[in-house]
1. For residue 151, work out the one condition from (1) of a type in the set (Ser, Thr, Tyr); (2) at pLDDT 95 or above; (3) not assigned by TED's automatic domain parsing to the domain that holds residue 250 it doesn't fulfil.
2. Could you tell me how many of the residues in region 50-89 are surrounded by 18 or more Cβ atoms within 10 Å (Cβ to Cβ) and over 20 Å from the mean Cα position of the chain (by Cα)?
3. Looking at (1) within 30 Å of residue 200 (Cα to Cα); (2) assigned by TED's automatic domain parsing to the domain that holds residue 209; (3) among the aromatic types (Phe, Trp, Tyr), which is the only condition residue 322 fails?
4. Can you tell me how many residues within region 33-64 are of a type in the set (D, E, K, R), out of contact with any strand residue (DSSP E or B) (no Cβ under 9 Å at 6 or more places or on another chain) and not in a loop (DSSP other than H, G, I, E, B)?
5. Would you say residue 122 is over 18 Å from the mean Cα position of the chain (by Cα), more than 21 Å from residue 238 (Cβ to Cβ) and either at pLDDT 95 or above or surrounded by fewer than 18 Cβ atoms within 10 Å (Cβ to Cβ) (or both)?
6. Please determine, by comparing only the residues of region 276-303 that are surrounded by 12 or more Cβ atoms within 10 Å (Cβ to Cβ) and among the β-branched types (Val, Ile, Thr), which one is nearest to residue 49 (Cα to Cα).
7. When you check residue 273 against the structure, is it surrounded by 11 or more Cβ atoms within 10 Å (Cβ to Cβ), not assigned by TED's automatic domain parsing to the domain that holds residue 24 and not aliphatic (A, V, I, L, M), yes or no?
8. Exactly one condition in (1) surrounded by fewer than 22 Cβ atoms within 10 Å (Cβ to Cβ); (2) farther than 23 Å from residue 88 by Cβ is not met by residue 209; state its number.
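The values are calculated or read from the model by the stated rules, or taken from the named source; none is laboratory data. Model, not experiment: these values are computed from the prediction. Here Cβ is always computed from backbone atoms with ideal geometry, including for glycine, and neighbour counts include all displayed protein chains.
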Amino acid sequence: MKTLLITGVGGNVGQGILKNIKKNRPSCIRIGTDILDFNAGHHLCNKMFKVPYAINEKYIDCIRKIVNEESVDLIFPSTDEESYQLSLHRNEIPAVIVTSLHQTVGRYIDKYKTYLYHSKLELPFADSRLPSEYMGEFENCIVKPRRGRGSRGISINPDDFSLFDDSYLVQELLEGIEITTAFYVDTTNHLYSMITLERELENGATNKCLVTRKYDERLKEIIEKLIANNKFQGSVNVQSIVSSGGNIVPFEINCRISGTNSIRSHFGFNDVEYALVEYLDKKELLRCEEIKEGVAVRVLSDVIYLGAKSYIDFDNIKPVLF
C-alpha cells in the first residue's frame, strides 16, 4: 500500500488531485496538508496535517517530519510556492516529489523572469514591465504580483503606478478568448499529451469550460520549444489569450498540476495518473488516450459532519456529501 501526500488541499487544485487518486488509486493512503486545520478537502483525505506557509522557514522541516512519520512515498505539490520550495529542497525529503527542477520552477513562478526568458528565446509571452520602469506603453494594462496566485492583488488600469513596488509587474491587458493548456512531459523529456480548454473564470478559478482542438497545432509549436529550453518534469499549465486574429499569447505558466485536473481527466488527459505510473509504479507510459470533446461546469456541494462539536473534533465522523 502506497502513501501519497497532497499539499494545499483547501484549494481546488489539491482537491482535484485527491479526487483523481481516490477514483483511480483507491488503495493508496491520501495524506493532506494545508495552512488551515479544517478545509474543503478534508473529507477526501485519510489524514490531515496543518503546515505553515511554504515561505515560512519551518515549512520544509514540517513536511519532512510528516513524510518520515507517515512513510510517504510521493508528494503532489498543488501550489506554486510549495512546488518551488519542495523542488529546491528535494534532496532533503525522502519521498518522490512530482515537480520540475527548481531552476525551472523559479523561472516560471516569477512572471517577470518568465517574460525576460521568453523574450531572450523569442517565445511569445504578454509584454511586461516593472512598475518602476513603466512609461505608459500599453493602451490597457493589468498590474499583478510577480509571484501571485489566482486573481489576488490585481488591478486593471490603475491611476497611480507609484502605489506598486517592483514585486509587481505591469502587463499588457490582452483581449480575446482565454484558454488554459495542460501538457505532460514524461521522464524522457518528451511531450506525452496535451489538452486545451476555453474557459470562464469565477474568483480566479475555472467555472465552466469547453474542450477545444483548434489551437493544437500552434500550441504544440510553442510547447515543444518550451520543453527544449527548460527542465520540465510532469505537468505544466499555460494560460493564454487568443486574439481576434488568431495569435496565441501566453500570460502565465505554472510548473505544477493545475486546477482543471479533475475536469480534464474525464476528457482523456489524466496527468495525476500519468505521474503515478511514472514516479510511483516506475513504469513507462503507454500510448496516450485520444482527447474527447465536451463541456464542464462546476457546481457547489456541501460536506456535512453530523455530530461534530468543533471544526477539528470530527476525526471519527463519516462525512455526508450533499
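1. Answer for residue 151: the failing condition is (2).
2. Looking only at that region, the number is 4.
3. Condition not satisfied by residue 322: (2).
4. Kept after step one, since they are of a type in the set (D, E, K, R), are these residues of region 33-64: 34, 37, 47, 50, 57-58, 61, 64.
After this cut, where a residue has to be out of contact with any strand residue (DSSP E or B) (no Cβ under 9 Å at 6 or more places or on another chain) as well, the list is 57-58, 61, 64.
Add one more test, that the residue is not in a loop (DSSP other than H, G, I, E, B), and what stays is 61, 64.
Looking only at that region, the number is 2.
5. Numbers: over 18 Å from the mean Cα position of the chain (by Cα): yes; more than 21 Å from residue 238 (Cβ to Cβ): no; either at pLDDT 95 or above or surrounded by fewer than 18 Cβ atoms within 10 Å (Cβ to Cβ) (or both): yes.
Answer is no for this residue.
6. The qualifying residue nearest to residue 49 (Cα to Cα) is 303.
7. On the way: surrounded by 11 or more Cβ atoms within 10 Å (Cβ to Cβ): yes; not assigned by TED's automatic domain parsing to the domain that holds residue 24: yes; not aliphatic (A, V, I, L, M): yes.
Considered against the rule, which asks whether it is surrounded by 11 or more Cβ atoms within 10 Å (Cβ to Cβ), not assigned by TED's automatic domain parsing to the domain that holds residue 24 and not aliphatic (A, V, I, L, M), residue 273 comes out as yes.
8. (1)
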